[in-house]
Amino acid sequence: MASYDVIIIGSGPGGYVCAIRCAQLGLKTACVEGRETLGGTCLNIGCIPSKALLHATHQLHEAEHNFAKMGLKGKSPSVDWKQMLAYKDDVIGQNTKGIEFLFKKNKIDWLKGWGTIPEPGKVEVAGEVHEAGNIVIATGSEPSSLPGVEIDEKIVVTSTGALELPKVPKKMVVIGGGVIGLEMGSVYARLGTEVTVIEFLDAITPGMDAEVAKTFQKILKKQGINFIMGAAVQSVETLKTKAKVNYKLRKDDSEDQVDADVVLVATGRKPYTDGLGLDALGVGIAKRGQIEVDDHWATNVKGLYAIGDAITGPMLAHKAEDEGMAVAEVLAGKNGHVNYGVIPGVIYTAPEVAAVGKTEEELKQEGRAYKVGKFSFMGNGRAKAVFQGDGFVKLLADKETDRLLGAHIIGPMAGDLIHEICVAMEFGASAEDVALTCHAHPTFSEAVREAALACGDGAIHA
Ligand code: NAI
């Protein structure tokens, strides 16, 4: 039996970051992981592999649509799907090995196996019980399916199966117009698959600023993705190599069906806490399966903490990382803090979509007086030079104080541009602060400054 200051269960972005920070703060640390590689869903079957496929297929799109315009002639590349998957797997390997290296560097023990908590202060892994001063649960989430829809990861797949289909399907139905559905839908649409997204609500990406969501859907439609909106999927019937997706339109209850070679179920995720023994410990669990924690990520059991997708809040890798670092600080006797008001969200389609802070709808609902500064990428020289003039930057600021309240960007590198506003918001900056900051020319970031100028006396290039 080994004894540790902290044992973290799960090595995803929440868990491994927490482990590294604990070790850096002088705590004797172990991390439990049952998968063959470290990194959790994000590195193995989520964020990282999907970005590799998004990158590869975006390059294909550029070759097919924009190369000739720039005088780059010749045959477009053909797709070697096996090689593309091998490239994706190589990217995964580099990242997971990177974490193994960081564990060694920081003297973190990797306890291989699936952990259970037989009693407070103890973690059992592969038949061995270890002692822990504190335990952090960072076990993440798993796809949640729908009644009447059976996942086989061959024809009816989650994001996991969608990352390793044996061949590029001719027809794909995506259930759910959220982040996973639109990212993976984009990958396959660029590879020539006929993609149809079936979404329950009347707008895609619920929670997103409505103006951005509308523009986003228009752009995706132009890229060839079909949408069936306001439709509840009732069931999926699988035949040998095909499936039929039955749905009902909410507006008139009429029923219809679409067929597909592959159906991607992307209707959300749920906390993954199976096998931890939380019931026996009496850990408080919310209705939707999240572990209940206080402001310092402590559960109702002494010495037991939880972070990331397993607790409430957006299911985002970087939110989990921040909680991982903060809980490590708490366990080391310092003040861990996460500013939940400034957590960016990014969708890695082309164009990218990024947001932080409040949406216009939220501000309206709160009855808050606000102003909007908007700037189109059509007025940005750099964006036009690279065929990425679609989209805009929209800033929301307090009408009286000019303090930034939110940012919504659809356009080139939106996922990177958003961080200028994240930093500004962390410092309580006004739109004028951003407008007065010199931005290099020609960069996409000038569009952010122009939107900030639009909150005041006006953008220059509008
Ligand atoms: P999501 O919550 O983003 O979207 C699910 C969509 O499915 C919603 O639009 C919902 O209205 C729709 N839906 C639910 N039931 C339906 C039904 N019966 N018929 C039709 N539509 C239905 O969930 P998603 O895309 O599965 O992603 C899961 C989690 O993973 C999210 O929390 C997301 O933030 C995270 N994620 C984040 C990424 C990123 O940050 N780039 C990438 C991938 C996932």
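The values are calculated or read from the model by the stated rules, or taken from the named source; none is laboratory data. It should be emphasised that the depicted structure is a prediction, and the values quoted were computed from it without experimental measurement. Don't worry about glycine lacking a Cβ; one is built from the backbone with ideal geometry, like all the others, and counts go over all protein chains shown. We work out accessible area using only protein heavy atoms, side chains counted, and drop any ligands, DNA or RNA first. Shrake-Rupley method; radii C 1.70, N 1.55, O 1.52, S 1.80 Å.
If the condition is being among the small types (Gly, Ala, Ser) and either over 24 Å from the mean Cα position of the chain (by Cα) or more than 30 Å from residue 67 (Cβ to Cβ) (or both), then segment 361-414 contributes 367, 369, 373, 376, 379, 381, 383, 385, 389, 397, 406, 407. Pairs are defined by a Cβ separation below 8 Å, a sequence spacing of at least 6 or placement on different chains, a first member in segment 339-368 that is without any contact (Cβ under 8 Å) to a residue 12 or more places away in the chain, and a second member that is more than 13 Å from the ligand (Cβ to nearest atom) and assigned to a loop (DSSP other than H, G, I, E, B); the pairs so defined are 366/358.
Counting the residues of segment 231-271 that are among the hydroxyl-bearing types (Ser, Thr, Tyr) and modelled with pLDDT under 95 gives 1. Residue 175 meets all of the listed conditions (1) within 20 Å of the chain's Cα centre (by Cα); (2) open to solvent by less than 10 Å² (accessible area, probe 1.4 Å); (3) under 30 Å from residue 374 (Cβ atoms) but one, namely (3).
When restricted to residues that are open to solvent by less than 60 Å² (accessible area, probe 1.4 Å) and of a type outside the set (A, V, I, L, M), segment 145-172 contains 7. The condition of being closer than 30 Å to residue 394 by Cβ, within 12 Å of the ligand (Cβ to nearest atom) and in contact with a Cys (Cβ under 8 Å, 6 or more places away or on another chain) holds for only one of 266, 317, that being 317.
Within segment 1-88, considering only helices (runs of 4 or more DSSP H) that don't extend past its boundaries, which have at least 1 residues that are within 16 Å of the ligand (Cβ to nearest atom) and open to solvent by 50 Å² or more (accessible area, probe 1.4 Å)? By residue number, 47-65.
Listed by position, the strands (runs of 3 or more DSSP E) enclosed by segment 252-310 that each have at least 1 residues that are aliphatic (A, V, I, L, M) and over 22 Å from residue 145 (Cβ atoms) are 304-306. Of all the numbered requirements in (1) outside the structural domain of residue 114 (by TED's automatic domain parsing); (2) more than 10 Å from the ligand (Cβ to nearest atom), residue 177 misses one, and that requirement is (2). Scanning segment 314-336 for residues that are open to solvent by 20 Å² or more (accessible area, probe 1.4 Å) and of a type in the set (A, V, I, L, M) yields a total of 7. Residues in segment 287-308 that are open to solvent by 30 Å² or more (accessible area, probe 1.4 Å) and at pLDDT 95 or above: 290, 292, 293, 294, 295, 296, 300, 302, 305. When segment 117-126 is filtered for residues that are open to solvent by 50 Å² or more (accessible area, probe 1.4 Å) and either without any contact (Cβ under 8 Å) to a residue 24 or more places away in the chain or in contact with a Pro (Cβ under 9 Å, 6 or more places away or on another chain) (or both), the ones remaining, listed by number, are 124, 126. For segment 195-213, the condition holds for no residue, the condition being that it is within 11 Å of the ligand (Cβ to nearest atom), among the charged types (D, E, K, R) and touching a Ser or Thr at 6+ places or on another chain (Cβ under 8 Å).
Inspect all residues belonging to segment 152-165 and state whether any of them is within 10 Å of the ligand (Cβ to nearest atom) and in contact (Cβ under 8 Å) with a residue 24 or more places away in the chain. Scanning segment 152-165, I find at least one residue that is within 10 Å of the ligand (Cβ to nearest atom) and in contact (Cβ under 8 Å) with a residue 24 or more places away in the chain, so the answer is yes.
When restricted to residues that are within 16 Å of the ligand (Cβ to nearest atom) and either surrounded by fewer than 21 Cβ atoms within 10 Å (Cβ to Cβ) or of a type in the set (Phe, Trp, Tyr) (or both), segment 127-142 contains 1.
Condition check for residue 244 on (1) open to solvent by 70 Å² or more (accessible area, probe 1.4 Å); (2) over 15 Å from residue 137 (Cα atoms); (3) away from the ligand (no atom under 12 Å from the Cβ): one failure, at (1).
The residue list 268, 284 contains one member that is out of contact with any Phe, Trp or Tyr (no Cβ under 9 Å at 6 or more places or on another chain) and on the phi > 0 side of the Ramachandran plot, which is 268.
Evaluated against (1) on the phi > 0 side of the Ramachandran plot; (2) open to solvent by 40 Å² or more (accessible area, probe 1.4 Å); (3) within 12 Å of the ligand (Cβ to nearest atom), residue 192 falls short on exactly one condition, (3).
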